[in-house]
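Here is the structure we will look at, set down as structure tokens.
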């Protein structure tokens, strides 16, 4: 399911003029490293990523998704977004790659 989630999110990013550079996740969250244009509000990016991925994941993984639904929603309404403008990209990539992934 995470593999499909990555594909969908990569496509969403491309359509918004952004680039999904790294992706990883677990049962209850995902980590993304996204390079996005400064004119694109982060809230728009996140809302589109969550909305489109929820649509496709619910459609394609109905049985598995039903076990993870939170009050009728696939994703929590909250998110964390941090800027890594000064950090070396390799350090951020390494952090995301080292997160536990459970396909």
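Things to note:
- Residues located in the stretch 18-39, provided they are at pLDDT 95 or above and more than 19 Å from residue 89 (Cβ to Cβ): 39
- Top-ranked residue of the stretch 54-77 - restricted to ones that are under 20 Å from residue 99 (Cα atoms) and either touching a strand residue (DSSP E or B) at 6+ places or on another chain (Cβ under 8 Å) or at pLDDT 85 or above (or both), ranked as surrounded by the most Cβ atoms within 10 Å (Cβ to Cβ): 75
- In the stretch 1-25, of all residues being assigned to a loop (DSSP other than H, G, I, E, B) and touching a helix residue (DSSP H, G or I) at 6+ places or on another chain (Cβ under 8 Å), the one that is nearest to residue 85 (Cα to Cα) corresponds to 18.
- In the stretch 13-49, of all residues being in contact with a strand residue (DSSP E or B) (Cβ under 8 Å, 6 or more places away or on another chain) and under 19 Å from residue 77 (Cβ atoms), the one that is surrounded by the most Cβ atoms within 10 Å (Cβ to Cβ) corresponds to 49.
The values are calculated or read from the model by the stated rules, or taken from the named source; none is laboratory data. Note that the structure is a prediction, hence the values are computed from the model and not measured. All Cβ positions, glycine included, derive from the backbone under ideal geometry; neighbour counts span all protein chains shown.
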